[in-house]
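Here's the structure, in structure tokens; my notes come after.
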Amino acid sequence: MRTTRKFLAAAILISGLFAAACSNDLFGLFASTDLDKRLEEKTALKFVTSAEDSSWVTGTFSPYSGAKPGEGLSLGSSFSFIVVSDTHIEDGDAHGLENLGSKITSDPAIKFVVITGDITQNGKREDVQRFVDIAKSLPVPCYPVIGNHDIFFGNWPIWKELIGASSYRIDHGSDVRLFILDTANAYFGASQLDWLERELAINPTVHTFVFTHANVFVRSPIDIEQLTDVRERARFLKILKGRSDAVFMGHVHQRIIDDAGGVKYITLEDFVGHGTYCRVTVNSGGMSYEFHKL
């Protein structure tokens, strides 16, 4: 009886790990790449939309043709942006993501799009290229976040070639900055958190938004925490306290919304299963958000 109970407990734990880890394929996960290697590409973002050239200055990427280094395009005092997560493009099938362009065209307040990881199912070249083609067709910039599925089967070199950096900062004028962070291995790493802390301590802006893949909070005590190091999680929350408007995440295919340290933490459900996106509005009254089906 005890053996049976132990077996059942182990089976439940393993199934929970698979469910919580966004349908991880263990062989693909073990073949994924080291975070430190990916962070070496911090100053080599090749993926650019709405422009033909780009420049890096002190870790600040300006993706707009003609913009001064580190200046970027000002968004004004009122603007909106879209966040999508877990598109899981597979065998060229983007599950309707290609229809996002018409939605943006009909809503001129939208200034950029961020996709918070697991953009592809297995990191295959054809699927990363499919994303790049869709993103470049959008009338606004689209910023990709790397997820665990995007580096499955050792496919980081494909992301590196077609997109480049997995961790970077975007400035929109002097008022808005975006931090794209790499948690594809379910942790930040000390060097990435050191960088984030330094960047947040200088040149304060009116609005700061952070985007990453692995989620910070869970809904149930039996759920598996996605950030594997609780000390990193605590440090992340401390770094952002009072310094960010919101953090957007994905990975667990659930909508989870929490507040900590004056920061809104929003985990999006998966686009592949729900076809939804989050529309965020920023104005003099602060930040608001709402979910829509594409």
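Values as computed for the structure displayed
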{"quantity": "VAL128 being at pLDDT 95 or above and touching a Gly at 6+ places or on another chain (Cβ under 8 Å)", "calculated": "no"}
{"quantity": "Boolean, ARG255 is more than 17 Å from SER85 (Cα to Cα) and surrounded by fewer than 18 Cβ atoms within 10 Å (Cβ to Cβ)", "calculated": "no"}
{"quantity": "Lone unmet requirement of (1) of a type outside the set (Lys, Arg); (2) over 27 Å from LYS46 (Cβ atoms); (3) modelled with pLDDT of 85 or more for MET249", "calculated": "(2)"}
{"quantity": "Test: residue in the stretch 162-178 that is more than 18 Å from VAL113 (Cα to Cα), among the hydroxyl-bearing types (Ser, Thr, Tyr) and part of a loop (DSSP other than H, G, I, E, B)", "calculated": "yes"}
{"quantity": "Tally, over the stretch 192-236, of residues that are more than 30 Å from SER78 (Cα to Cα), of a type outside the set (A, V, I, L, M, F, W, C) and at pLDDT below 90", "calculated": "8"}
{"quantity": "All positions within the stretch 186-234 that are under 23 Å from GLU41 (Cβ atoms) and in a helix (DSSP H, G or I)", "calculated": "ALA190, SER191, GLN192, LEU193, ASP194, TRP195, LEU196, GLU197, ARG198, GLU199, LEU200, GLU232"}
{"quantity": "The stretch 134-159 residues that are surrounded by fewer than 23 Cβ atoms within 10 Å (Cβ to Cβ) and in a loop (DSSP other than H, G, I, E, B), paired with ones that are among the aliphatic types (A, V, I, L, M) and at pLDDT 90 or above (beta carbon under 7 Å, 6 or more apart)", "calculated": "LEU138/LEU100; LEU138/ILE104; LEU138/VAL113; PRO139/ILE104; VAL140/ILE104; VAL140/ILE110; VAL140/VAL113"}
{"quantity": "Filtered residues of the stretch 161-195 (kept if surrounded by fewer than 19 Cβ atoms within 10 Å (Cβ to Cβ) and either charged (D, E, K, R) or without any contact (Cβ under 8 Å) to a residue 60 or more places away in the chain (or both))", "calculated": "GLU161, ASP175, ALA190, LEU193, ASP194"}
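The values are calculated or read from the model by the stated rules, or taken from the named source; none is laboratory data. A quick note: this is a predicted structure, and the numbers were derived from the prediction, not measured. Glycine gets a Cβ as well: all are built from the backbone with ideal geometry, and neighbour counts include every protein chain shown.
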